[in-house]
Amino acid sequence: MGQRWIFLIAFALVFYGNGAAFVESFVNYSSWHLIGADEFIAYHQFISPRVITFLVAPALLGTAFTILMLWARPVAIPAWAVWAALAAQGIVWVSTATIQVPIQLQLSEHGLSLELVERLIQTNFWLRRIPYAICAGLFLWMAAQAIGAAERRSA
């Protein structure tokens, strides 16, 4: 697979992941207090596999393709930008594994806890949405670098 395609796939997955995560964070999580306590466990167990399929799996693939960019990326994209994107993604994954997943497991097992939902929302914003948005910004900058280089070559 060529350098351009590795970058394009990583770019698409990072932007898809950001969009899906923003919907999950700002639409889904904020509505959880409206779900009755009796229905919450069933709802949470219903939605969890779908989140893994449509949010977590593409984000993991995005990280895998970002890693591939360390060896195969358009020449105009500097290695530091890829490392910075990986660092931002690393913050997201560490936070996911150490903070958000344990909260989600408690919610799935014990049911609605407004305290846990609030902690999930707070940590999700600072430790996942902001770093992942920075990652998307880096990818947008990388795309601009690659397009600019291509325009200079064709001029």
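The values are calculated or read from the model by the stated rules, or taken from the named source; none is laboratory data. Because the structure is predicted, anything quoted here is derived from the model rather than measured. All Cβ positions, even for glycine, are placed from backbone atoms using ideal geometry, and neighbour counts span all protein chains on display.
When the residues of the range 86-123 are narrowed to those that are in contact (Cβ under 8 Å) with a residue 12 or more places away in the chain and outside any helix (DSSP H, G or I), which ends up surrounded by the most Cβ atoms within 10 Å (Cβ to Cβ)?
Leu112
Table: residues versus (1) in contact with an Asp or Glu (Cβ under 8 Å, 6 or more places away or on another chain); (2) loosely packed, with under 15 Cβ neighbours inside 10 Å; (3) in a helix (DSSP H, G or I); (4) of a type in the set (Phe, Trp, Tyr).
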{"position": "Arg4", "(1), (2), (3), (4)": "no, yes, yes, no"}
{"position": "Ile9", "(1), (2), (3), (4)": "no, no, yes, no"}
{"position": "Tyr16", "(1), (2), (3), (4)": "no, no, yes, yes"}
{"position": "Ala20", "(1), (2), (3), (4)": "no, no, yes, no"}
{"position": "Glu24", "(1), (2), (3), (4)": "no, no, yes, no"}
{"position": "Asn28", "(1), (2), (3), (4)": "no, yes, yes, no"}
{"position": "Ala42", "(1), (2), (3), (4)": "no, yes, yes, no"}
{"position": "Leu61", "(1), (2), (3), (4)": "no, no, yes, no"}
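Taking the options Val51, Val14, name whichever one is under 23 Å from Glu109 (Cα atoms), among the hydrophobic types (A, V, I, L, M, F, W, C) and in contact (Cβ under 8 Å) with a residue 24 or more places away in the chain.
Going through Val51, Val14 in turn, the sole match is Val51.
If I filter the range 134-154 down to residues being within 18 Å of the chain's Cα centre (by Cα) and without any contact (Cβ under 8 Å) to a residue 12 or more places away in the chain, which single residue comes out as farthest from Arg73 (Cα to Cα)?
If we take residues in the range 134-154 being within 18 Å of the chain's Cα centre (by Cα) and without any contact (Cβ under 8 Å) to a residue 12 or more places away in the chain, then Gly137 is farthest from Arg73 (Cα to Cα).
Could you check, for the range 107-128, whether at least one of its residues is at pLDDT 95 or above and farther than 30 Å from Gly36 by Cβ?
no
If I filter the range 66-78 for residues that are part of a helix (DSSP H, G or I) and without any contact (Cβ under 8 Å) to a residue 12 or more places away in the chain, do I get at least one hit?
So far as the range 66-78 goes, no, none of its residues is part of a helix (DSSP H, G or I) and without any contact (Cβ under 8 Å) to a residue 12 or more places away in the chain.
What are the pairs with Cβ atoms under 7 angstrom where one residue, in the range 28-39, is closer than 16 Å to Gln104 by Cβ and free of Cβ contacts under 8 Å to residues at least 40 places away in the same chain and the other, located anywhere, is charged (D, E, K, R) and exposed (fewer than 10 other Cβ atoms within 10 Å of the Cβ)? Sequence gap at least six, or different chains.
Going by the 7 Å Cβ cut-off, there are no qualifying pairs.
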